[in-house]
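Visitor: Sharing a structure with you now.
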2 protein chains.
Amino acid sequence: MLSRDCFDGSISFFRPHQYLAREGDDQSHVFLIQEGWACRYRLLPDGRRQITALFLPGDWCELAWTHGEPPAQPVVALTNTRAMAVSCAQIRRECEVRPDLRAGLWSEIVTSIHRQTEWIINLGRKSAIERLSHLFCELFQRLRNSGLTYGDQFAMPLTQIEIADVTGLTPVHVNRTLREMRARGLVELQSKWLRIGDLDELRRIALFQASPSLTADNALPKVMLARA
Amino acid sequence: MLSRDCFDGSISFFRPHQYLAREGDDQSHVFLIQEGWACRYRLLPDGRRQITALFLPGDWCELAWTHGEPPAQPVVALTNTRAMAVSCAQIRRECEVRPDLRAGLWSEIVTSIHRQTEWIINLGRKSAIERLSHLFCELFQRLRNSGLTYGDQFAMPLTQIEIADVTGLTPVHVNRTLREMRARGLVELQSKWLRIGDLDELRRIALFQASPSLTADNALPKVMLARA
DNA sequence: CGGGTTATTGATTCGGTTCAAATCGAGTGG
DNA sequence: CCACTCGATTTGAACCGAATCAATAACCCG
């Protein structure tokens, strides 16, 4: 996993609600999340909010920035977060001479595109319970690939408000839907800890299809930057 | 514009509903769309459909495939389509020796990520009229950048059913919303031709923010592959 | 303890869906 | 030129999933 490898960069810490990047910032570095969760989002003028990506341990926070593109949206920590700041210039420099690194970064960005595509399907065509089921399947899979699940459970720091902002629902309806899911034995969510009651059924409801590259697990060429 | 440059590859033609790629295909080439529209989509078991990307003239159809990743979703032509098939192997080869090409492809993929992110916001948090307004703003901007608009009009081959599959609505409600938009003088859509009545108002309703890289227009490093 | 988020539940409303049917338009063939 | 078809568009009516409004309870942290 990415987070266990050695990279060159300084370690940064963030508190909940603290910005990793603001819209339009001149971002000279990207982050490799080591611990904690962060998200990027868009706030509409009237207060509606949509979270457009979740960053979990092992994720790169915004490879898009590496080539000079400024952040299109703010990125904010959801929990206490530890991340390594890696210089964009360094990444570009290393990429010049290391085809394997280029391939690895490419692969990471393709993965993030797949995830976004799934979110589009989720938001466009699924019911509330399908959306929540999908979200939990995705989180379980991502965290499991990073060794951050414990049996059928994992730490789930999102509030119901944040879950609503991911799934395009209202907090009230998230609450009701969670109650139903609990009643049906699908999942149990309490004190920031999520237990999967019935993974198969959850996947079925979510219409979840494990992405090929993730089932053939860790087949993804993993990105490494040698310590300078 | 991409479509006017010289690339190496054979020209393919597709009829509406014909596949450019199927899910999981071993895709040895990508397409540079020269004329016509295509889309990628997911079909849910019960028939619900969500279109997850639109490919217009000048677009690469699925740079994600270049590094061996098979298509995660089918891509189908929406109109008669002419496209150049460019070998993935050739792209990878050229990338090895041409940093400018790498940068160009990177920039293209970042643009597509931004578009996907906007769709997530659209589907997650916007009303029907806001979604349609956004879609039309996006199409207008993309086509204008390719010189395919004529004053305040452009060819819009999508049926209302397809518009529904893009915006996550039902065809019936798309129809009603279009009627309202027509009544308010925002847009007029007839016989596959769309006229923008009030672009400023349309943008305001859509909560549309022109992407920075697109307003600084054609500032994007344009991708070129020399004819071999 | 106290104040502020977060979670929960009820009542009501509403945007959008669903079902149904009529209309329109472009082909196609007689 | 007309009859016929088939898809796309348009409109109506009833319904429903989720939003909204409102109020309380639980929790967390300083």
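Visitor: Do you know which of the residues in the range A:156-177 that are touching a strand residue (DSSP E or B) at 6+ places or on another chain (Cβ under 6 Å) and of a type in the set (A, V, I, L, M) is farthest from DNA strand C (Cβ to nearest atom)?
Guide: It comes out as A:166.
Visitor: Could you look through the range A:96-138, keep only residues that are within 16 Å of DNA strand D (Cβ to nearest atom) and not in a helix (DSSP H, G or I), and pick out the one that is farthest from the other protein chains (Cβ to nearest Cβ)?
Guide: By that ranking, first place goes to A:127.
Visitor: Looking at (1) part of a helix (DSSP H, G or I); (2) more than 11 Å from chain A (Cβ to nearest Cβ); (3) in contact (Cβ under 8 Å) with a residue 24 or more places away in the chain, which is the one condition that is false for residue B:157?
Guide: (1)
Visitor: Filtering the range A:190-205 down to residues that are in a helix (DSSP H, G or I) and away from DNA strand D (no atom under 13 Å from the Cβ), which residue is nearest to the other protein chains (Cβ to nearest Cβ)?
Guide: A:204
Visitor: Given (1) under 19 Å from residue B:44 (Cβ atoms); (2) of a type outside the set (Lys, Arg); (3) under 15 Å from the mean Cα position of the chain (by Cα), identify the lone condition not met by residue A:156.
Guide: The one condition residue A:156 does not meet is (1).
Visitor: A follow-up question, please. Of all residues in the range B:168-189, count the ones that are more than 10 Å from DNA strand D (Cβ to nearest atom) and within 14 Å of chain A (Cβ to nearest Cβ).
Guide: 2
Visitor: Given the criterion touching a Pro at 6+ places or on another chain (Cβ under 8 Å), surrounded by fewer than 22 Cβ atoms within 10 Å (Cβ to Cβ) and among the hydroxyl-bearing types (Ser, Thr, Tyr), identify the matching residue among A:107, A:28.
Guide: A:107
Visitor: I would also like to ask the following. Does residue A:179 satisfy the criteria of being part of a helix (DSSP H, G or I) and over 28 Å from residue B:115 (Cα atoms)?
Guide: Yes; evaluated as a whole, the condition is true for this residue.
Every number here is computed from the coordinates shown, using simple stated rules; none is lab data. Remember, predicted model here, so these are calculated numbers, not experimental data. Cβ atoms come from the backbone with ideal geometry, glycine included; neighbour counts cover every protein chain shown.
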